[in-house]
Amino acid sequence: MTTSEANRVIRWGILGTARIASKVGRALHFARGSRLCAVASRDSERAANWISRHTAGHPTADPAKAFLSADQQVIAHNSYRELLQNPNLDAVYIPLPPSLHCEWTCAAAESGKHVLCEKPLAMNLAEAQQMVAACQSANRQLMDGVMWYHHERTAAMKSLLQAGTLGPLRHVSSTFAFNGLADMATDNIRFRNELGGGVLGDVGWYCVTAALWAFGDLPERVQACARYDRGVDINLSALLMFSDSRSATFHCGFDETWRKWFEVAGETGSIVCDDFVNPWDIAKARFWVHDRQGQGTQHVHPHCIQEVRMVETFCELIRSGRLDPRWPQISLDTQRVCDAIAAAARAEKPITLG
Ligand SMILES: NC(=O)c1ccc[n+]([C@@H]2O[C@H](COP(=O)([O-])OP(=O)(O)OC[C@H]3O[C@@H](n4cnc5c(N)ncnc54)[C@H](OP(=O)(O)O)[C@@H]3O)[C@@H](O)[C@H]2O)c1
């Protein structure tokens, strides 16, 4: 790699003015070697308003969200298609409703852009495979927007698992829930089946990532039960059975107080992380290792902003010119397991993964 290539700033566009785009837009701005250059919306004024709201000193700036400076040139595009035709962009961030992820990821790859696409990657495995194929054939990186993989705490926990600190791993349990039914508008994308709403894709996805991450393996069989309301799954509990009698259980809900924890149990110890998805307090990202007598050691990782790390990892891959197939494979595996869990819940019987 030449020096100029190694220092190249990756130029980003965002498709849609989603709520999560404020957080990730900030990361695209602050990450090393990354710059937010364009935002597109279906509505001609909404993209421009989004930029104003995020620009410090602008009369309409939201003080809690403004991170751009007035001299920064961020272009507002009047449609997603127009942004994809902007030749001065290297990559796009796609925080659209899940039902649009496949269409716009494929279009972005065909227009030569690398793609960071929000979770759940797709509506189903067939769509996810289509997205991976489109990025592969255009030689473009695809990664989903799960941030916790990129936290340095995650690497620290993985090292302990791999070092055998817990003994052979036996069980992973996790929960991700929040009270969306009480706190969110009824037309939120999470409650709209046609847009890919539902609790499994929205937050159960993270619980599945925790089990696959810990075991480094796919389950052989899954079982699940769900409660449906407003046309989508509102809460869901699942059991994942892996080879060698290893197992995982999780619960996800839109109707409970906010929790986002996991426990990984081995034969001689366990790791508990009470906020694996994103730390309650970023200055105190923590986890505990417990031995078989219940002695616990707390580990704290204070200086990592996981969404910034995610963007930096993505930009480094693009600059290196060596795309990493592990990222789309993680998304495909997660999608495959989520599809099986959804089918098991609907059928009310176990499903064997093919
Ligand atoms: N990684 C994370 O931590 C994280 C956190 C939250 C959400 N997410 C994911 O990010 C995605 C967006 O979630 P969000 O809650 O931020 O969504 P949101 O606020 O509802 O925004 C979705 C955006 O999509 C665009 N859009 C295009 N067609 C639409 C349609 N028919 N209905 C509604 N919006 C439409 C809109 O932008 P324009 O109108 O400007 O075009 C809208 O602002 C989801 O996949 C979600 O799972 C990830």
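The values are calculated or read from the model by the stated rules, or taken from the named source; none is laboratory data. Quick caveat, the model's predicted, so the values are computed rather than measured. Heads up, the Cβs are rebuilt from the backbone with ideal geometry, glycines too, and the neighbour counts pull from every protein chain shown.
For the reader, a short list of remarks on this structure follows.
- In the set (1) more than 10 Å from the ligand (Cβ to nearest atom); (2) surrounded by fewer than 22 Cβ atoms within 10 Å (Cβ to Cβ), the condition left unmet by residue 92 is number (2).
- Here is the figure for segment 235-261: residues that are in a strand (DSSP E or B), hydrophobic (A, V, I, L, M, F, W, C) and surrounded by fewer than 20 Cβ atoms within 10 Å (Cβ to Cβ) total 3.
- Number of residues in segment 108-153 that are outside any loop (DSSP other than H, G, I, E, B) and away from the ligand (no atom under 14 Å from the Cβ) equals 17.
- A Cβ distance below 8 Å, combined with a sequence gap of six or more or placement on separate chains, defines the contacts here; from segment 216-237, residues that are farther than 14 Å from residue 334 by Cα reach residues that are of a type in the set (Lys, Arg) and outside any strand (DSSP E or B) in the pairs 223/349; 226/346; 231/192; 232/190; 232/192.
- Cross-chain or 6+ apart pairs with Cβ under 7 Å, segment 132-148 first and in the same structural domain as residue 23 (by TED's automatic domain parsing) and more than 23 Å from residue 208 (Cβ to Cβ), then within 16 Å of the ligand (Cβ to nearest atom) and of a type in the set (Ser, Thr, Tyr): 134/105
- From the list 107, 128, the one residue that fits, being surrounded by fewer than 22 Cβ atoms within 10 Å (Cβ to Cβ), touching a Lys or Arg at 6+ places or on another chain (Cβ under 9 Å), aliphatic (A, V, I, L, M) and closer than 25 Å to residue 202 by Cβ, is 107.
- In the set (1) away from the ligand (no atom under 16 Å from the Cβ); (2) within 25 Å of residue 164 (Cβ to Cβ), residue 256 fails one condition alone, (2).
- Tally of residues being under 18 Å from the mean Cα position of the chain (by Cα) and buried (at least 18 other Cβ atoms within 10 Å of the Cβ) across segment 318-331: 4
- Taking first residues from segment 37-48 that are near the ligand (Cβ under 10 Å from one of its atoms) and partners that are modelled with pLDDT under 95 and part of a strand (DSSP E or B), no Cβ contact under 6 Å between residues at least 6 apart in sequence or on separate chains turns up.
- Matching residues, segment 207-229, being over 19 Å from the mean Cα position of the chain (by Cα) and closer than 13 Å to residue 251 by Cα: 223, 224, 225, 226, 227
- Against the conditions (1) over 27 Å from residue 340 (Cβ atoms); (2) touching a residue at least 40 places away in the same chain (Cβ under 8 Å), residue 69 satisfies every one except (2).
- Test: residue 185 is in the same structural domain as residue 155 (by TED's automatic domain parsing) and assigned to a strand (DSSP E or B): no
- Single condition residue 99 does not satisfy, out of (1) surrounded by fewer than 22 Cβ atoms within 10 Å (Cβ to Cβ); (2) in a loop (DSSP other than H, G, I, E, B); (3) of a type outside the set (Val, Ile, Thr): (2)
- Of all residues in segment 8-24 being part of a strand (DSSP E or B) and within 13 Å of the ligand (Cβ to nearest atom), the one that is surrounded by the fewest Cβ atoms within 10 Å (Cβ to Cβ): 13
- Yes/no for residue 5 being within 16 Å of the ligand (Cβ to nearest atom), part of a helix (DSSP H, G or I) and surrounded by fewer than 20 Cβ atoms within 10 Å (Cβ to Cβ): no
- Among the residues making up segment 25-70, a single one is hydrophobic (A, V, I, L, M, F, W, C), part of a helix (DSSP H, G or I) and surrounded by fewer than 17 Cβ atoms within 10 Å (Cβ to Cβ): 30.
- Test: residue in segment 194-213 that is modelled with pLDDT of 95 or more, part of a helix (DSSP H, G or I), away from the ligand (no atom under 16 Å from the Cβ) and under 25 Å from residue 309 (Cα atoms): yes
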